[in-house]
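Have a look at the structure below, then the notes.
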Amino acid sequence: MRKLLLLVIVLFLPGILLSQETEEKINVTLSGYVRYEMFFDTYESADTRDGEVYLYPLRENLDINNNDINQNFQMNMLGLQARPKIMATGAKAFGAKITGVIEGDFLGVSQADSRSLRLRHGYLNMKWDNVDLLLGHSWHPMFVPECFPATVSMGAGVPFHVLNRAPQARYTVKLGNSISLMGAMLIHGYHKSTGPGDAQRNSGLPDTQFQFKFKTDNVFSSFTAGYKFLTPRLVTNGGVKTNETIGSFNIAANTKLSFDPVTIKFEGIYGQNLTNFIMIGGYGATDDPTIVDDYSYTNINTMSFWSDIALNFDPIEVAIFAGYSSNLGASGDYYSLTGYTRGENIQSIFRVSPRVIIKSSKVDFGMEYMVTGAQYGDIDVANAEYSFTDTDTPTINSRMIFSARYKF
C-alpha cells in the first residue's frame, strides 16, 4: 500500500505543481530568528517557561529566624525563542490576494511543555481593495502589532500589556487611508482564562471584539472593546446540572507617536477577568460555595497602563518601559474559588525597565535592567468582599537580561 501511494505521488505531483505554476506563481519565504538569553534574578517570582515569561515577585515568606526564603539570587540561560516562519503569497481566490502564514517557537503551551514546538501563528488572510478577512490563529485584537512595548524581556511588557494569540475570524474594513474598523470572533486556544479550561467552549459563545484604528505618518491610535462568556461548570458538586455563565468585558486605548529619532507609546487597559491576557485578576463565586451548591459568579476588575519611550540613534537604541496594574475588586459579594484567579492577593504591581539595543546588520545585542514590585494584601474574607484589610511592603525583584539575536 505504501509503495502504491509513493508511485502515485511520483507520477502525479510534477503535473500538479506544473499546473499550479501555469496558473499563478506562489512565493514561499522562510524567515525568523534565533535568540540566546541570559538573565539574573534577585527574588523568587511568578513566571513560566523556566523564567522566560516573567510576571511578578512572590509574597514575602519568612522563616523562623525572620529571614525571607524568597530572597534568592538566580540565573538562567535559554534559547526557547528560536522562531521559524513560513509565508506563502501570490495566490488569488474569490477576487482576493491570499497570504498564508505558519510561525512557531519552542516555548510550548505550558511549563510542562517547555522546549516543545508550538504554533504562534497559523492563518490565511484574504485581501480585497478595502477589506481583509483573516481566518486562523493569530494575535488577539487586544494585542495591537502597531503599538506594543518593544522590551528585551519576552512577553512585550506582560502582565501590564496583554499577551494572547487565538483562533479567530477577523473582518477589517478600511475607510480611506487613515481609518479602519474591525470585528472579530475568537475562541481562546492555549491562552485561556484561569479556572476550568473548557469554560469558554461550554458557553457556546465566542469572544467578540471590535476595534477602531487611526493612522497617519507620525501618529497611530486604536481603541478596542470586547466581551466574552464562560460557563465553568456543567454539573454542581452535588451532581445537579447547571448552566451558570459569567460574562466579562475588556477595553483598551493606545497611541504611538513617531518623530525620528523618538518613538513614544502608551496604553490604558480596563476590564473584568483579564487572565486570558496573562494579566492579574480572575473571577469567583457570589455565594459561599460551601453552603450554596449552584452558585453564580462575579468578576475581578483590573486596571493597567504602560508607556514605552525609545530613542533610536542607529545602530544604538536606548529606551525605557514603565507599567502599573491594580486589582480593583469585585462588584458585590465575592468568595474565592481555587484556581480561578491570578494574583488574587495582589493589590498592585509596578515595573520600570530601561534597555539598550545595539544593532549590526541582522544581529542585535540587547541589555535590560527590569525592576518589578508587587504589593500583597489580605482579602476581607469575613465580609465576603474583595477588598484588602491590610497590605504589605512591596516585594521587589531586579532582573538583568542580556540577549543576542540573529534575524534571517
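The values are calculated or read from the model by the stated rules, or taken from the named source; none is laboratory data. It should be emphasised that the depicted structure is a prediction, and the values quoted were computed from it without experimental measurement. Virtual Cβ from ideal backbone geometry, glycine too; neighbours counted across all protein chains shown.
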Legend entry - Entirely in the stretch 220-336, the strands (runs of 3 or more DSSP E) that have 2 or more residues that are more than 23 Å from P141 (Cα to Cα): 281-285, 297-313, 316-330
Legend entry - Sole exception among (1) under 25 Å from E368 (Cβ atoms); (2) free of Cβ contacts under 8 Å to residues at least 12 places away in the same chain; (3) of a type in the set (G, A, S) for S116, by number: (1)
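T389 - would you say it is among the polar types (S, T, N, Q), assigned to a strand (DSSP E or B) and surrounded by fewer than 20 Cβ atoms within 10 Å (Cβ to Cβ)? Show your work before the answer.
Values: among the polar types (S, T, N, Q): yes; assigned to a strand (DSSP E or B): yes; surrounded by fewer than 20 Cβ atoms within 10 Å (Cβ to Cβ): yes.
Against the criterion (among the polar types (S, T, N, Q), assigned to a strand (DSSP E or B) and surrounded by fewer than 20 Cβ atoms within 10 Å (Cβ to Cβ)), T389 qualifies.
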Legend entry - Residues of the stretch 69-89 satisfying the condition of being farther than 30 Å from Y406 by Cα and surrounded by fewer than 14 Cβ atoms within 10 Å (Cβ to Cβ): I69, N72
Legend entry - Within the stretch 23-65, considering residues that are more than 26 Å from R342 (Cβ to Cβ), of a type in the set (S, T, N, Q) and in contact (Cβ under 8 Å) with a residue 24 or more places away in the chain, the one surrounded by the most Cβ atoms within 10 Å (Cβ to Cβ): S31
Inset, instruction - Determine whether the stretch 308-327 contains at least one residue that is closer than 14 Å to G281 by Cα, crowded, with 18+ Cβ neighbours inside 10 Å and touching a residue at least 40 places away in the same chain (Cβ under 8 Å). - result: yes
Legend entry - Test for D105: is it charged (D, E, K, R), at pLDDT below 95 and either within 19 Å of the chain's Cα centre (by Cα) or surrounded by 15 or more Cβ atoms within 10 Å (Cβ to Cβ) (or both): yes
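I'd like the full set of residues that are small (G, A, S) and over 16 Å from A225 (Cα atoms), limited to the stretch 237-281. Full working, then the answer.
We begin by selecting, within the stretch 237-281, every residue small (G, A, S); these are 238-239, 247-248, 252-253, 258, 268, 271, 281.
The answer is G238, G239, S258, G281.
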Inset, instruction - Would you mind finding the one in Y43, Y36, Y54 that is within 18 Å of A156 (Cβ to Cβ), modelled with pLDDT of 95 or more and not hydrophobic (A, V, I, L, M, F, W, C)? - result: Y54
Legend entry - Near pairs, Cβ below 6 angstrom, 6+ apart or cross-chain, from the stretch 90-101 (at negative phi and surrounded by 12 or more Cβ atoms within 10 Å (Cβ to Cβ)) to any residue that is aromatic (F, W, Y) and not in a loop (DSSP other than H, G, I, E, B): V101/Y123
Inset, instruction - For the stretch 175-188, enumerate the residues that are at pLDDT 95 or above and surrounded by 17 or more Cβ atoms within 10 Å (Cβ to Cβ). - result: S180, M182, A184, L186
Inset, instruction - State yes or no: is R170 within 17 Å of L274 (Cβ to Cβ) and either surrounded by fewer than 21 Cβ atoms within 10 Å (Cβ to Cβ) or within 22 Å of the chain's Cα centre (by Cα) (or both)? - result: no
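Kindly indicate the residue of the stretch 370-386 that is assigned to a loop (DSSP other than H, G, I, E, B) and loosely packed, with under 14 Cβ neighbours inside 10 Å and also modelled with the lowest pLDDT among those meeting that condition.
Initial filter on the stretch 370-386 (assigned to a loop (DSSP other than H, G, I, E, B)): 380-386.
Then drop every residue that is not loosely packed, with under 14 Cβ neighbours inside 10 Å, which leaves 381-383.
Working: V381: 74, A382: 71, N383: 77.
So the residue we want is A382.
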Legend entry - Given (1) in contact with a Ser or Thr (Cβ under 7 Å, 6 or more places away or on another chain); (2) outside any strand (DSSP E or B), index of the condition N66 fails: (1)
